[in-house]
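Encoded as structure tokens, the structure appears first; notes follow it.
The values are calculated or read from the model by the stated rules, or taken from the named source; none is laboratory data. Just so you know, these numbers come straight off a predicted model, no measurement behind them. Please note: Cβ atoms are built from the backbone with ideal geometry, for glycine as well, and neighbour counts cover all protein chains shown. In case anyone asks, the SASA skips ligands and DNA or RNA and just uses the protein heavy atoms, side chains included. Shrake-Rupley method; radii C 1.70, N 1.55, O 1.52, S 1.80 Å.
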Amino acid sequence: MKTNELRKKYLEFFENKAHVVFPSDTLVPDDASVLFTSAGMNQFKPYFLGEKKGIKRATSCQKCLRTGDLEEVGKTPYHHTFFEMLGNFSFGDYFKKEAIEFAWEFVLKILNINEKSLWVSVYKEDKEAFAFWEKDIGLSRAKIITLGEDKNFWPASAPTLGPNGPCGPCSEIFFDRGPDKGCGSKDCSPACDCGRFVEIWNLVFTQFNRIGENKLEPLPQKNIDTGMGLERIAAVLQGKYSNFEIDILAPAVVLAKELLALGSLETDRKSLVYAIVDHARAASFAIGDGVYPSNEERGYVVRKIIRQACWKANLLGKKTPFLHKFVPLYADIMKEPYPQIYQNKDVIAKSILDEEERFLFTLKEGKSQFKAIVQNLRLSGKNVIEAQDLFKLYDTYGFPLELSRELAKEENIGVDERGFSESLLTQKELSRKKSMFDTNIFKKEELSLSEITQFTGYESLQASSKVLRIFSSKGESNSLSSQEEGLIVLDKTPFYASSGGQLSDKGLIKGSSGEFLVEEVIKVNEAVIHRGKVITGRIIKEEVRASVDGERRRALMRAHSATHLLQSALRACLGPGVMQQGSLVDEDGLRFDFTHPKALTPAQVEKVEDMVNEQILENLNIEKSVLSLQEAKDKGALAFFKDKYKDLVRMVSIGSTSRELCGGTHLDNTSEIGSFVIISESSISSGTRRIEALVGASAYRYLKDMRKAIKEQATILKCSSDEVTASLRRLFENIKQEKEKTLTLSKQMIALEAREIITHMQEIKGINFLTYAFNDKDESVLLYLSDILKNQNDALFVFFISRINQKDAFVCSASDSVIQKGFSCDKFASLFRNELSLKGGGRKNLVQGVVMMRGDNYLEKVRECFLKFTGEQ
């Protein structure tokens, strides 16, 4: 049975059992505790927790990504980073008996697996499940094994080790591959890890709430959560030992052998190839869901997966990019269940190629730095690379810890992984954004609120409300005094809370006792919190009048509606690969982050800007409607992958140009935006670009300032405004010619000084070593001098430094004969980078850059370093 057929049969089977079929959720979960969707039940958490009602039974085939066993991928037949999980779920409906019956019927009647090849396991204390298998199913007791909480409980070992919360026993179905497989023992059973028995389905019976060690209380709603790995059951049905031999992965193995120029796959090569095949698929799907390689959170995981694959290919002798060539293959294989991969295959492939090229450059640069660290380590008599060096390789050169570990193993030295992890944690803490609340008041996550605030701000900028709760810097309070800062929760509010990139409203809350200036608004659960300061009188729990600053709201709406037009224009200009990565909607200004592999050309920026302004001038209506999530998707509405949506969503439509799911505030017509000006386009990370733009009054002021600046330039250049560009070109051409004349003269003068400079040369271990300091000599002059001297003197190694434009530039150059002795410039600069405070780069015969801190007797310090370099000291 082919994998696509298996996927269909599973979903159809449970649909016929009154289950609602859900499409696979994105790999980006609505769960702060995990980076990626790692199980089929992730998208159903609201139903399990009782937050969502109306559905009792569900089924899905969920794409998942896990990296906990990254090192095992390729070494075993079943481990993957990306995989698909078939699952059926019950939310307080059926329980153990039906779950077991459904599973058994599907395995026997739909998959036609011989009952003689099947075993099951149950939790040792779950007598109920054991009885269902034995009496209702009729399975022999000999084929029902009981296991402990480490094997047959979810989470594993939950009764004794925790965590507290919902948990329960589970029952697993195993396929017996035959006595000729595995350990060969006559007592072999699913309890053995020899590989003879393959776990194909796990049925979890969530029936308890753990409140302490071995303290389990019955849950009021008992749930079913099952999981069957699609690749694993496909391997069983297709008679394959390894998942990598099934129909959706075997073609990728063939392609890998071709790209890596491999013949037969020995055991060690096979594990590397399997890992590469897996990682290529994982990266393709992650990028397809909008997670691009970066140094942050999910992006770092994708970068790590790609670089792991590149590193393994490097071990097999592959030194050029190749991983991106898997994307068209996977796009074709998986286009039936996941057409978006096929639709975006070019963008995905380009992103992987960019990361491959970046890794190969990193590998080259990092290896050079790594060698210098190892040499210094051995000079000091140590055998463990310190955390600060590991972190520098990671932070400055993008060198993953895994790569440092592998290279260190080759050199028979250790690495301080614990110290590296601590350094990484410190960096994350320093870069973490400040809380929305000042630390002396409250942190958002410390507030526990059950109140529900009704938002009335779509219809009106004012509301009569009631103060429900008040918080001061000391905690919850009944009032706030004059000039005191605090938080207020209302029963209804016209204030829009910060969300979806749009900044919050500001305004005034006025009661009979005083006035409260609202400076920021956020949402915690379903409660809206107003942060601000009492400006007159005092605030108490009473009826109040809440009023939004209308001018600010209109400016925010102009920017937000323009953001939708911008995304539409970008997709029209650059293609459907453009996906929103973040945004900021401020007063008459916006910032929009999106996926694109390279910088926009000036012509593209101009085209996007023109398209937005054309839509503004077209006087398009901006319509807002509430409909089901599926209806909105059917209408082609765009959804921001980091946002999560309820069953009923708000769709904002601008003519036939733009449809997006959005809860923000918007204008009624595009003409109200006024005008739109892009002020910058830049890169914020690999594969992610940022556009900043102005609208409305800010756009007008910007253009007015630009016009004024051009007039001032015209006055200085003594020309008309439309001649400024031509006049500047002539001016710069004249300056360029004068600079060339000056440089030529400087080179002639330095050539005359060469005879005196060479007197400072000294011989060190058969090498003519020369170091000299200049003032106001350009780097090109220093390079010219070094070339003259190398032509006049054999075996020369020079280090020149010059103070120019308030910085110390250096040039380090060496003759070929010196390099052949093993004393190259790049090695010297790497070894003594810190000691000489060097920042720059180059190659074996030339390194140039700047000296960050030039202390006293610097030339003598350079000489001492060279003595160390040649072994003379």
Against the condition part of a helix (DSSP H, G or I), farther than 24 Å from LYS8 by Cα and of a type in the set (S, T, N, Q), how does SER294 come out, does it pass? no
Taking the stretch 518-527, which residues are more than 26 Å from the chain's Cα centre (by Cα) and either open to solvent by 10 Å² or more (accessible area, probe 1.4 Å) or within 23 Å of SER680 (Cα to Cα) (or both)? GLU519, GLU520, GLU526
Could you give every pair whose Cβ atoms fall below 8 Å, whose first residue belongs to the stretch 371-397 and is acidic (Asp, Glu), and whose second residue is open to solvent by less than 40 Å² (accessible area, probe 1.4 Å), counting only separations of at least 6 or pairs across chains? GLU386/GLY419; ASP389/ILE373
Counting only residues that are among the charged types (D, E, K, R), part of a loop (DSSP other than H, G, I, E, B) and surrounded by 15 or more Cβ atoms within 10 Å (Cβ to Cβ), how many does the stretch 445-495 have? 3
Taking the options TYR330, TYR292, name whichever one is modelled with pLDDT of 90 or more and either surrounded by fewer than 15 Cβ atoms within 10 Å (Cβ to Cβ) or within 23 Å of LEU65 (Cβ to Cβ) (or both). TYR330
Is it fair to say GLY589 is out of contact with any Phe, Trp or Tyr (no Cβ under 6 Å at 6 or more places or on another chain) and either closer than 30 Å to GLN462 by Cα or at pLDDT 90 or above (or both)? yes
Contact list, first residue from the stretch 635-650 and closer than 12 Å to GLY500 by Cβ and modelled with pLDDT under 80, second anywhere and open to solvent by 50 Å² or more (accessible area, probe 1.4 Å) and assigned to a loop (DSSP other than H, G, I, E, B), beta-carbon distance below 6 Å, six or more apart or interchain, is LYS644/ASP30
Pairs where the first residue, in the stretch 743-766, is small (Gly, Ala, Ser) and the second is surrounded by 14 or more Cβ atoms within 10 Å (Cβ to Cβ) and in a helix (DSSP H, G or I), C-beta under 7 Å, 6+ apart: SER746/VAL781; ALA751/ILE788; ALA754/LEU785; ALA754/ILE788; ALA754/LEU789
All positions within the stretch 235-270 that are in a loop (DSSP other than H, G, I, E, B), touching a Gly at 6+ places or on another chain (Cβ under 8 Å) and under 21 Å from GLY195 (Cα atoms): none
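Just name the residue that is modelled with the lowest pLDDT out of those in the stretch 30-45 that are open to solvent by 40 Å² or more (accessible area, probe 1.4 Å) and either hydrophobic (A, V, I, L, M, F, W, C) or under 22 Å from LEU203 (Cβ atoms) (or both).
Going residue by residue through the stretch 30-45, those that are open to solvent by 40 Å² or more (accessible area, probe 1.4 Å) are 30, 32-35, 43, 45.
Checking the rest, the ones that are also either hydrophobic (A, V, I, L, M, F, W, C) or under 22 Å from LEU203 (Cβ atoms) (or both) come to 32, 34-35, 43, 45.
Working: ALA32: 62, VAL34: 74, LEU35: 84, GLN43: 87, LYS45: 83.
Here the answer is ALA32.
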For the stretch 311-327 the number of residues that are open to solvent by 10 Å² or more (accessible area, probe 1.4 Å), at pLDDT 90 or above and part of a helix (DSSP H, G or I) is 2
Against the condition farther than 17 Å from PHE285 by Cβ, at pLDDT below 95 and of a type in the set (A, V, I, L, M, F, W, C), how does PHE48 come out, does it pass? yes
For the stretch 1-28, give me each residue that is open to solvent by 70 Å² or more (accessible area, probe 1.4 Å) and either among the β-branched types (Val, Ile, Thr) or within 32 Å of the chain's Cα centre (by Cα) (or both). LYS8, PRO23
Which condition number in (1) surrounded by 18 or more Cβ atoms within 10 Å (Cβ to Cβ); (2) within 26 Å of the chain's Cα centre (by Cα) is the one that GLY582 fails? (1)
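Residue-by-condition table, conditions (1) more than 19 Å from GLU587 (Cα to Cα); (2) out of contact with any helix residue (DSSP H, G or I) (no Cβ under 7 Å at 6 or more places or on another chain); (3) at pLDDT 95 or above:
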| position | (1), (2), (3) |
| --- | --- |
| LEU490 | yes, yes, yes |
| SER499 | no, yes, no |
| ASP505 | no, no, yes |
| VAL548 | no, yes, yes |
| ARG558 | no, no, yes |
Here is a list of conditions, (1) open to solvent by less than 20 Å² (accessible area, probe 1.4 Å); (2) more than 29 Å from LEU27 (Cβ to Cβ); (3) of a type in the set (Ser, Thr, Tyr), and SER140 meets all of them except one; can you say which number that is? (1)
For the stretch 171-203, which positions are of a type outside the set (Gly, Ala, Ser), open to solvent by less than 30 Å² (accessible area, probe 1.4 Å) and touching a residue at least 24 places away in the same chain (Cβ under 8 Å)? GLU172, ILE173, PHE174, ASP176, PRO190, PHE197, VAL198, ILE200, TRP201, LEU203
In the stretch 538-579, how many residues are assigned to a strand (DSSP E or B), of a type in the set (Gly, Ala, Ser) and open to solvent by 40 Å² or more (accessible area, probe 1.4 Å)? 0
Among PHE361, PHE399, the single one that is aromatic (Phe, Trp, Tyr) and either over 25 Å from VAL302 (Cα atoms) or crowded, with 17+ Cβ neighbours inside 10 Å (or both) is PHE399
Residues to consider are VAL798, VAL818; find the one that is touching a helix residue (DSSP H, G or I) at 6+ places or on another chain (Cβ under 6 Å), in contact (Cβ under 8 Å) with a residue 24 or more places away in the chain and closer than 14 Å to LEU846 by Cα. VAL798
Looking at GLN630, GLN615, GLN604 in this structure, which one is in a helix (DSSP H, G or I), touching a residue at least 40 places away in the same chain (Cβ under 8 Å) and either in contact with a helix residue (DSSP H, G or I) (Cβ under 9 Å, 6 or more places away or on another chain) or open to solvent by 20 Å² or more (accessible area, probe 1.4 Å) (or both)? GLN615
I'd like the full set of residues that are more than 50 Å from the chain's Cα centre (by Cα) and either within 15 Å of PHE774 (Cα to Cα) or open to solvent by less than 90 Å² (accessible area, probe 1.4 Å) (or both), limited to the stretch 743-754. THR744, SER746, LYS747, MET749, ILE750, ALA751, LEU752, GLU753, ALA754
